[in-house]
1. Quick one: which residues, 5 or more positions from Arg12 or on another chain, have an amide H under 5 Å from its amide H? H modelled 1.01 Å from N in the peptide plane, none for Pro or chain starts.
2. If only Cα atoms are counted, what is the Rg of segment 2-91, and what is its Dmax, in Å?
Amino acid sequence: MSRINRFSEGNRSKLDIMAKTLREVKNPTGITDILSSCNMNSKQSGYYLEIMKSSDLIEMNATAGIVRYCRTETGQEFLKAYDKMILLLGPTISNNI
């Protein structure tokens, strides 16, 4: 995993942000925790959460007025594919920067 973390430092791509968010919502998580751990503002989080909801990567549950986000099985599959891609391409991409 260290190669994944090293590759993701600096400017983040949309896929990097989505992967970080999916890691955060392994268990039901509120928006405040997502904002702080993923280093996003509310406008950015709205954009990414909407993309991930519409792609079935996360689901939103609201109970008693409290909204929680949780990763779906599709979201878990996305993370596995993302991690594999970074591990395969990381050295190549890092050496060309």
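1. none
2. Rg then Dmax for segment 2-91, in Å: 13.1, 47.
FYI, it's all coordinate maths here, none of it is from the lab. Worth saying up front: this structure is predicted, and the values here are computed from it rather than measured.
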